[in-house]
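FYI, it's all coordinate maths here, none of it is from the lab. All values derive from a computational prediction rather than experimental measurement. Don't worry about glycine lacking a Cβ; one is built from the backbone with ideal geometry, like all the others, and counts go over all protein chains shown.
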Amino acid sequence: MPDMSASASLAVSQLVTLADFDKNKVTPGILGFIVFAVMAVAVWGLMKSMNRHMGRVDFKEAPESEAAPSGRGPGSGTAQPSKG
């Protein structure tokens, strides 16, 4: 019965000769293009969603007198009476 490591090394050596690449001619290929295209579509979708959400935001601020009447706003340290 032949040694398993010898047959494995023979198989690997045959595969290496089939995969003889020229380092100057290796390109990303179709897989690289697909990955890049998927990432581009994802970024486009995120940007479109962000623009839609930013359009719904109301940037108008309330005047100071309505936001914190008589100094009882957040951080003033005084408790507001309950209305109940």
(request) Go through segment 48-59 residue by residue and turn each phi into a ³J(HN,Hα) via Karplus (6.51, -1.76, 1.60, θ = phi - 60°); whole Hz please, and just put x for glycine and proline. (result) 5, 5, 5, 5, 5, 5, 5, x, 8, 7, 9, 8
(request) Using packing as a proxy for protection, rank 31-38, 55-62 so that the peptide with the highest average count of other Cβ atoms within 10 Å comes first. (result) 31-38, 55-62
